[in-house]
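The values are calculated or read from the model by the stated rules, or taken from the named source; none is laboratory data. Here the structure is a predicted model, which is why all the values come from computation and not from measurement. Methodologically, a virtual Cβ is constructed for each residue, glycine included, from the backbone with ideal geometry; neighbour enumeration extends over all protein chains shown.
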Amino acid sequence: MEPKYTITLCDAEFSSEHSVGLKDAFEKAAKANSLENGLRFTTCKTLGLNGKGAVVVVNPGYYVYGNVTEELVDRIVAEHLVGGEAVEENLIKEDHLFNRSFKTFGDSEFFGKQLRIALRNCGNIDPDNIDDYLANRGYEALAKVLTDMTPFDVIQEVKKSGVRGRGGAGFPTGLKWEFTQRSQADEKYVVCNADEGDPGAFMDRSTIEGDPHTVLEGMAIAGYAIGASKGVIYIRAEYPLAIKRLEKAIADARNAGFLGTKILGSDFDFDIELRLGAGAFVCGEETALLNSIEGRRGMPRPRPPFPAQSGLFGKPTLINNVETWANIPVIILDGSEWFSSVGTENSKGTKVFALAGKVVNTGLVEVPMGTTLRDIVYDIGGGIPNGKKLKAIQTGGPSGGCLPVEYLDTKIDYESLAKAGSIMGSGGMIVIDEDTCMVSIAKFFLEFTQDESCGKCTPCREGTKRMLEILTRITDGKGKPDDVAKLERLGNMIKKASLCGLGQSAPNPVLSTIKNFREEYEEHINEGKCRAGQCQSLLSYVINDNCVGCGACKRVCPVDAISGEKKEAHLIDQDKCIKCGQCYQACKFKAIGKF
Amino acid sequence: MATPLEILKQKQSEAIERLAAKVSDSTIKVNVGMATCEIAAGSRNVMAVFRDAIDSGEIEGVVLSQKGCAGRCYLEPTVEIFIPGKTPYKYGKVDAERAKEIIQRHLKNGEVIQEWLI
């Protein structure tokens, strides 16, 4: 029989000194009370309950105990687990907005090690049912600002929280709000950037599909704070389900009086419309995004003027990313003081990452800033599959960099990642194992940015093209001795001279792999070798002594490069071989080696 | 005049009442992941299996709901079963076949299928 109760021990810094021994205490008490089937234990990183001492969660029922001591453990076991009556005076009953998903998922290790703010409702509520959102304190933050707070108060609260833009650049959100609020104009706009374009990233899609109302609520709060009555969500047409859910959410919110005129009986008017993008990567850049909304070609323009002064249709405009909006209701209801207690000195709150690549538990994770890469990859991600070795972690998508294993203990925040040579970005995190060629991965990202370059400015348009040519040459085994130096010079030039963030960051994957994996570039160029065995052109297939002369390889070779009599060792003509690898697949005797 | 917060509180309690009207103290709630990723992994079929079982009267006292993506890509489609007084059961990699078995074994016979739990 399974144990009836699950005990989750919170292993956060503030309680680590206490939590040691608590497990023993539980086990001892369970034995002393001869508790049927024993107990099931899980651990969690933090519940975000700073200053509550050691925290323990008892399930079923989601009972949260604070300031747990060994004496209290005895009482919990005797009175709660055996007697069926919770120890009331030690229960934490505050209904926080953050970490709501913990009630359902907290006893699972994968979720227990996360702290969910932006994703608090994802996977817990029916996104198409506004009642579900309301039952989870939905729109309460909006009602609170309309009732108790002036626009000035709201901006101060956001500023004090220390939240920074989750789209990647990390600009302090409160400052952005303040700038837009200060701009004088008859009309202002609030824009949500849902143009998620990084390959392999799905943070925004999941947030919208799981909890669309939180984005609307965040935007409405901003509208009140800066004095805007119109909001626009720019979302790519490739996200049909997210669009459908947003349309439903907007319609429901209008019906319920959370959008439209005289919201909740106040004098505040605010409405939101959707604008669909055709899926160009550059439209995630704010000025290109605004052009696209206006119906013009999605190309960036120089800043200043910043959108806060002159944005959509020339009016002051506040643009934030989906994840930033999803944080706003929590900042308002749980308070800036709580919010700023999570994270590091200059990066507050949490960050959502799309964990992908060569890792056991791929998925969406939200962790407090300051969590190390090691915690994400090994603790939450479950390590590398098939016993392979970790080689690097790529963060920030096509604008980011690759960090080698030496940086595993880097704390995740805007500054630390930048110092290590990568960026936070919007939250893509790709785990790379020893079977991946670093030159190829740099080429992959550059192919993407080169393709997505809008063509407006020369450094980005021409420079990325030249860089890609050089990278292709290297992976084809035709690299020249000064190619690495050329890549570095070009890369630095593109970074300095490009108009927008796309070009300014496009060389990052190449420059960071050169910095950290220079020897792989040099091997490709000087020795014609790809240590990961990924660059087809650099491979050679050779038949060894295991060959029994069965002829299987000879039959599948499409270019007749293999010769040899039956039952005698065969030979591959390296000049004819096109390295398709079919012989390697066909051989049943491990007689073909790949070098 | 009521403040926005008072109006909202009223709306919230109405919402909670509407939700409560659908369930009783013994109602079992089943959540099926229906985000793009879950649907791509095959959750529509899973939803259909549960829907059919409820519509045909095979299982009673069960409320079915969709939910967004909780973030466990490699275990999708995911299904959660909320039984009053129990820690929510979280099943992973649920296809139509597994859904049928969950209905037979867990919902009808109360047997938790340990090996599929997340």
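Brief remarks on what is shown
Every residue, every condition in (1) within 27 Å of B:Met47 (Cα to Cα); (2) without any contact (Cβ under 8 Å) to a residue 40 or more places away in the chain; (3) outside any loop (DSSP other than H, G, I, E, B); (4) not assigned by TED's automatic domain parsing to the domain that holds A:Ala30, yes or no:
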site: A:Glu85; (1), (2), (3), (4): no, yes, no, no
site: A:Asp107; (1), (2), (3), (4): yes, no, no, yes
site: A:Phe110; (1), (2), (3), (4): yes, no, yes, yes
site: A:Ala118; (1), (2), (3), (4): yes, no, no, yes
site: A:Ile125; (1), (2), (3), (4): yes, no, no, yes
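- Of all residues in region A:343-389 being farther than 20 Å from A:Gly162 by Cβ and of a type in the set (Asp, Glu), the one that is surrounded by the most Cβ atoms within 10 Å (Cβ to Cβ): A:Asp375
- Elements of the type strands (runs of 3 or more DSSP E) sitting completely within region A:266-369 and holding at least 2 residues that are within 13 Å of chain B (Cβ to nearest Cβ), under 24 Å from A:Met424 (Cβ atoms) and at pLDDT below 95: these cover A:350-357, A:363-368.
- Of all residues making up region A:72-90, the number that are surrounded by 14 or more Cβ atoms within 10 Å (Cβ to Cβ) and either in contact with a helix residue (DSSP H, G or I) (Cβ under 7 Å, 6 or more places away or on another chain) or not charged (D, E, K, R) (or both): 12
- Scan of region A:120-129 for residues that are more than 7 Å from chain B (Cβ to nearest Cβ) and buried (at least 24 other Cβ atoms within 10 Å of the Cβ), ordered by number: A:Arg120, A:Asn121
- Residues satisfying the stated conditions in region B:55-96, i.e. in contact (Cβ under 8 Å) with a residue 24 or more places away in the chain and among the β-branched types (Val, Ile, Thr): B:Ile59, B:Val62, B:Val63, B:Thr78, B:Val79, B:Ile81, B:Ile83, B:Val94
- Test: residue in region A:326-342 that is over 21 Å from the mean Cα position of the chain (by Cα) and either crowded, with 24+ Cβ neighbours inside 10 Å or of a type in the set (Phe, Trp, Tyr) (or both): yes
- Residue under evaluation B:Lys11, criteria (1) assigned to a loop (DSSP other than H, G, I, E, B); (2) more than 16 Å from the chain's Cα centre (by Cα), criterion not met: (1)
- Test result for A:Ala29, farther than 27 Å from B:Lys29 by Cβ and touching an Asp or Glu at 6+ places or on another chain (Cβ under 6 Å): yes
- Whichever residue in region B:5-31 is touching a Lys or Arg at 6+ places or on another chain (Cβ under 8 Å) and at the interface with chain A (Cβ under 10 Å from one of its Cβ atoms) and, among such residues, is surrounded by the fewest Cβ atoms within 10 Å (Cβ to Cβ): B:Leu5
- Condition check for A:Phe179 on (1) closer than 25 Å to A:Ala288 by Cβ; (2) within 14 Å of chain B (Cβ to nearest Cβ); (3) part of a helix (DSSP H, G or I): one failure, at (2).
- Residue within region A:399-415 that is crowded, with 21+ Cβ neighbours inside 10 Å, of a type in the set (A, V, I, L, M) and under 19 Å from A:Glu196 (Cα atoms) present: no
- Each residue in region A:76-117 was checked for being of a type in the set (Gly, Ala, Ser) and more than 11 Å from every other protein chain (Cβ to nearest Cβ), and 4 pass.
- Residue check for A:Ile263: hydrophobic (A, V, I, L, M, F, W, C), touching a Phe, Trp or Tyr at 6+ places or on another chain (Cβ under 9 Å) and facing chain B (nearest Cβ under 10 Å): yes
- Members of region A:46-63 found to be within 14 Å of chain B (Cβ to nearest Cβ) and not in a loop (DSSP other than H, G, I, E, B), listed by number: A:Val57, A:Val58, A:Asn59, A:Tyr63
- Figure legend. Inter-residue proximity from region A:136-151: first residues of a type in the set (Val, Ile, Thr), second residues buried (at least 21 other Cβ atoms within 10 Å of the Cβ), beta-carbon distance below 7 Å, spacing 6+ or different chains. Indicated pairs: A:Val145/A:Val154; A:Val145/A:Ile221; A:Val145/A:Tyr224; A:Val145/A:Ile332; A:Thr147/B:Pro4.
- Condition met for B:Val62 (modelled with pLDDT under 95, crowded, with 16+ Cβ neighbours inside 10 Å and more than 19 Å from A:Asn59 (Cβ to Cβ)): yes
- The residues of region A:232-250 that are more than 14 Å from every other protein chain (Cβ to nearest Cβ) and within 22 Å of B:Ile39 (Cβ to Cβ), listed by number, are A:Ile233, A:Glu247, A:Ile250.
- Residues of region A:537-595 that turn out to be assigned to a loop (DSSP other than H, G, I, E, B) and polar (S, T, N, Q), as a count: 4
Okay, residues lined up against (1) surrounded by fewer than 14 Cβ atoms within 10 Å (Cβ to Cβ); (2) in contact with a helix residue (DSSP H, G or I) (Cβ under 6 Å, 6 or more places away or on another chain):
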| position | (1), (2) |
| --- | --- |
| B:Tyr74 | no, no |
| B:Thr78 | no, no |
| B:Gly85 | yes, no |
| B:Pro88 | no, yes |
| B:Lys93 | no, yes |
| B:Ala99 | no, yes |
| B:Gln104 | no, no |
| B:Glu111 | yes, yes |
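- Residue in region A:142-158 that is over 26 Å from A:Gly260 (Cβ atoms) and surrounded by 18 or more Cβ atoms within 10 Å (Cβ to Cβ) present: no
- Applying a threshold of 7 Å to beta carbon distances and a minimum spacing of six or more residues, or different chains, the list of pairs starting in region B:35-50 at a residue that is modelled with pLDDT of 95 or more and ending at one that is crowded, with 21+ Cβ neighbours inside 10 Å and assigned to a helix (DSSP H, G or I) reads B:Val46/B:Ala99; B:Val49/B:Ala99; B:Phe50/B:Ala99.
- Within region A:541-579, being over 18 Å from A:Lys590 (Cα atoms) and either touching a Cys at 6+ places or on another chain (Cβ under 7 Å) or surrounded by fewer than 17 Cβ atoms within 10 Å (Cβ to Cβ) (or both) holds for A:Pro558, A:Val559, A:Asp560, A:Ala561, A:Glu565, A:Asp573, A:Gln574, A:Asp575, A:Lys576, A:Ile578.
- Residue match in region A:52-60 (condition: modelled with pLDDT of 85 or more, closer than 19 Å to A:Ser108 by Cβ and polar (S, T, N, Q)): yes
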